[in-house]
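Participant: Dropping the structure in here first, questions after.
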Amino acid sequence: MMILSQWVVPKQLRLLLQFSVVPGQTNILLPRPGYPFYKSCAAFCGIEARDYNLNLERNWEIDLDSLKSVADKITVAMVVINPGNPCGNVFTCDHIWLRSVAYNLVAQTAKKLGILVIADEVYYHLTFGTKPFVPMGTFGSLVPVLTVGSLSKRWVVPGWRLGWIAVTDPRGYMLWRIKEIDCITCPYKPEGAMSAMVKLDLSLLEDILDDVDFCCKLAKEESVIIIPGSAEPSTLEDGLERVKSFCQRHAKKH
Ligand SMILES: Cc1ncc(COP(=O)(O)O)c(C=O)c1O
C-alpha cells in the first residue's frame, strides 16, 4: 500500500515516530554517519536516538555487532538509509557482492531484535555505481518494513514537498481482510502497480445505487476515500475495518 502525502519526508517521519512509540519509553537506532534530521526528529517526539555504526573498512556497511549492542527491550525501530546519505554507499546482497554484508542479514537481525525497519530510500533512483539496488521491502515477509520515498531527489526538484510511506504487504494481508466483507470480492490478485481492483456486489446492499454512490457514502460515513473502480484506503487496517462495518450497516436484512 502506498500513502501519498503532501508533507515533506521529515514530517512523514515525525508522524511515523509519533504514532508508533511511547515518548520516554522507547528508543530508535540510527546510522552513524547518518542524515542528522533523524536525531532532531526523535528529540522532537521525545524518543531516545541511539547510534549504530557504519563500517568504512567494509564499504560503509551496517556493523551488525554495533547494531545489536545498542538495541534493548525498548527499541522499536531502526532506520536504514539506502543509498546512504552522507556516505554514498549502496547496500546489496552478498551472494552477488561477496565482500558485502548481506542486506538480508540486516533484516534478519531486525527480526531477531523484534524491531521494525524504517527504510529511507529517497535516493533510490540515484545510483550510478555497479552494485544493484535492493529495496528493503524485498525482505518484508521477514520483518515489518516502512519505506520512505520522496519526489525531490528522484526528479531533482528541491523544495517540492511531496513524499510517501510505503508499507510492504507480502503476505497479502489486504486480500485476506477483504474476504471478510461479503459484498466485496477481489477476483484478480494484483501482481503489479499499487491498486487492487475489487468487485462490488450491489445485490447484497439495500440503499447503494452504484459504485460512485458507494464511495460517496463510505467517505461521508467512515472518512475512507476510495476511488470508484479501485480501492486505496488511507490506512489499511483501519480503512478495511470501516469498509466492513459500512457494508454490514447497509446489508440487506433478510
Ligand atoms: C537521507 C535523506 N532522507 C530524507 C531527506 C528529505 O527529503 P525531502 O527533501 O524530499 O523531504 C533527505 C534530504 O536531504 C535525505 O538526505
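Participant: With the cut-off at 1.5 for a/c, could you classify the stretch 26-185 from its C-alpha gyration tensor as rounded, prolate or oblate?
Facilitator: It comes out rounded by the Cα gyration axes.
Participant: Sticking with this one: Given contacts defined as C-alpha pairs under 8 Å and at least six residues apart, what's the relative contact order of the stretch 101-180, whole-number percent?
Facilitator: After rounding, I find 28 percent.
Participant: Please work out the FRET efficiency for the pair residue 254 and residue 213, using the Cβ-Cβ distance as r and a Förster radius of 30 Å; give the result to the nearest 0.05.
Facilitator: 0.85
Participant: Karplus couplings for the stretch 114-131 from phi (6.51 cos²θ - 1.76 cosθ + 1.60, θ = phi - 60°), rounded to Hz, Gly and Pro as x?
Facilitator: x, 10, 8, 10, 9, 9, 7, 10, 5, 9, 2, 8, 9, 10, 9, x, 9, 6
Participant: Next question. Hey, can you grab everything whose amide H is under 5 Å from the amide H of residue 75? Only 5+ residues off in sequence or another chain; H modelled, so Pro and N-termini drop out.
Facilitator: 27
Participant: A 27 angstrom limit on the alpha carbon distance is what I want to check against. Which of 39/112; 153/244; 179/217; 39/131; 199/252; 68/153 exceed it?
Facilitator: 153/244; 39/131; 68/153
Participant: Next up: Just to confirm my numbers, what's the Cα centroid distance between the stretch 179-218 and the stretch 31-53 in Å?
Facilitator: With the stretch 179-218 and the stretch 31-53 each reduced to a Cα centre, they are spaced 42 Å.
Participant: Another question, if that's okay. What residues have an amide H closer than 5 Å to that of residue 52, excluding those fewer than 5 places away on the same chain, when H is modeled at 1.01 Å from N in the peptide plane?
Facilitator: Residues meeting the criterion, in which the H sits 1.01 Å from N, are 30, 32.
Participant: Which of 140, 185, 162 sits closest to the plus end of the dipole of the stretch 108-190, meaning its Cα is farthest towards the positive end, when Lys and Arg get +1 and Asp and Glu get -1 on the C-beta?
Facilitator: 140
Here, each number is a calculation from the coordinates, and none is a lab measurement. Note that this is a predicted model, so its numbers are computed, not measured. Backbone-built Cβ (ideal geometry, glycine too); neighbour counts: all protein chains shown.
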